[in-house]
């Protein structure tokens, strides 16, 4: 208990005159961490994400394939099945899915295919891969061909 009191005295009373081995170790550790932090920081930034980095001329996209992706990742995970889901985001049929994109294109791009897309976002499911998002974006960009 006496050792704890001397450390308390060093920390809270007069750190300049304190010679506690514990406090000296803490000072060395703090100095080392500050040094590591300073040399590891950088002002470099990565490239900004683009809205659609895929070459849509070479991507074969069909409504059947795109809707299969939506069923696997959006409707079968109880997020947008058409019942109990957000009314405006009913993906229970291909027609409803296409209508949603037509009516809400900017929101769809923001949440599903854009550089900061966050879907799906429930129960720990992984987000769509960049390649999948690019394929969907190409399909939408081509007018959602069958």
Count of residues meeting criterion [assigned to a loop (DSSP other than H, G, I, E, B), closer than 15 Å to residue 70 by Cβ and in contact (Cβ under 8 Å) with a residue 24 or more places away in the chain] in the stretch 113-145: 6
Some residue of the stretch 51-66 being in contact with a helix residue (DSSP H, G or I) (Cβ under 6 Å, 6 or more places away or on another chain), at pLDDT 85 or above and exposed (fewer than 14 other Cβ atoms within 10 Å of the Cβ): no
Selection count, the stretch 103-112, where residues are under 15 Å from residue 66 (Cβ atoms) and free of Cβ contacts under 8 Å to residues at least 40 places away in the same chain: 3
Candidate set: the stretch 83-113, residues that are surrounded by 14 or more Cβ atoms within 10 Å (Cβ to Cβ) and more than 19 Å from residue 143 (Cβ to Cβ); chosen: the one modelled with the lowest pLDDT: 85
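The values are calculated or read from the model by the stated rules, or taken from the named source; none is laboratory data. Predicted model only: the values in this text are computed from it and were never measured. Note that each Cβ is placed from the backbone with ideal geometry, even for glycine, and that neighbours are counted across all protein chains shown.
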